[in-house]
Amino acid sequence: MDRDLLPYARASNCSSDPAVSLNFLNIQPLLKRYGIQPKKSLGQNFLVEPAGLMKVISSAELSGGEEVLEIGAGLGSLTYLLAQTSVRVTTVEIDMHMLEPLAEALKPFTNVQIVPGDILELNPADLMSRENYVVVANIPYYITSAIIRHLLEADLKPSRVILTIQKEVAQRILARDGKMSLLSLSVFVFGEPEIAGIIPAGSFFPAPDVDSAVLRIRLHPEPLIPSNRLDQFFKLAHAGFGQKRKTLRNSLSAGLSLPTGEVEARLLEADIDPTRRAETLSVAEWARLVDNFN
């Protein structure tokens, strides 16, 4: 094999010093060899710096017996490590040009399945062979919300999700105390998020304009909103946040096409001030609201 295609020094122990156990991925010769340019349209920023890769791996808290779903394998830098710390890795890659070098990089492993396609068009239940799988991924910034929603609302949900995303987005997801967004509300309904680490922009190739955060979401055994009421919850939440500068009385009235007086009465029945805004409500208050709009 061409030395330019050897992406790593073989790492037998991923918990050792990353500077010793894992060499930098030789990205540019690899891309040149296959005539590939990173696509800005696909948000391709490859995580290649060893310390950053190891931060993601340690944040995943893998014991060795898990089945892992990876989204956006790229050139396989994270996949290579996941394959050494998991029973099975299913990695989804949307860019068909990446499949050949990816397969080359992962040739040493028999426990990796490469799935061509768009994760947003794939059902995790069709990809994973067991419950309580773990999602570990360095995802494109521009589809962060869509991917999180897709995973959290899947019929077969993971036990935890570890994503490398834009730091500011991760911070907004953790926001409470009157600063909720539709995304943060959705995450809190399904699990408990935390920032497990920060990865500098220079750890990626090409480097993005901002730093990234490793977001870890530990899913609740059951959503905080009953499963049979989730559709109604999201309908209400979309209406409430659709015009977030307006009071709930007005945003829900416009979003649900209901008379203002009826909306106000239902809000009062849920013990919620009609002049409040959607971003100020807690998950428990949204649950009460769902009960009164059922």
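At a glance:
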item	result
Selection within the range 145-165 - among the aliphatic types (A, V, I, L, M) and either under 15 Å from residue 189 (Cα atoms) or free of Cβ contacts under 8 Å to residues at least 40 places away in the same chain (or both)	146, 148, 151, 152, 154, 156, 161
Matching residues in the range 225-234 - criterion: being exposed (fewer than 15 other Cβ atoms within 10 Å of the Cβ) and of a type outside the set (Gly, Ala, Ser)	226, 228, 231
Residue 195 vs. criteria crowded, with 20+ Cβ neighbours inside 10 Å, within 22 Å of residue 68 (Cβ to Cβ) and not charged (D, E, K, R)	no
Within the range 183-225, tally of residues that are touching a helix residue (DSSP H, G or I) at 6+ places or on another chain (Cβ under 8 Å) and of a type outside the set (A, V, I, L, M, F, W, C)	14
Matching option when the condition is surrounded by fewer than 21 Cβ atoms within 10 Å (Cβ to Cβ) and assigned to a helix (DSSP H, G or I), among 154, 146	146
Flag if residue 68 is free of Cβ contacts under 8 Å to residues at least 60 places away in the same chain, part of a strand (DSSP E or B) and over 28 Å from residue 233 (Cα atoms)	no
Checking residue 245 against (1) surrounded by fewer than 15 Cβ atoms within 10 Å (Cβ to Cβ); (2) in contact with a strand residue (DSSP E or B) (Cβ under 8 Å, 6 or more places away or on another chain); (3) modelled with pLDDT under 95, the condition it does not meet	(2)
Members of the range 62-104 found to be acidic (Asp, Glu) and over 16 Å from the mean Cα position of the chain (by Cα), listed by number	66, 67, 95, 100, 104
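The values are calculated or read from the model by the stated rules, or taken from the named source; none is laboratory data. In this text, all values refer to a predicted model and were calculated from it rather than measured experimentally. As a convention, Cβ positions derive from the backbone with ideal geometry for all residues, glycine included, and neighbour counts pool all protein chains shown.
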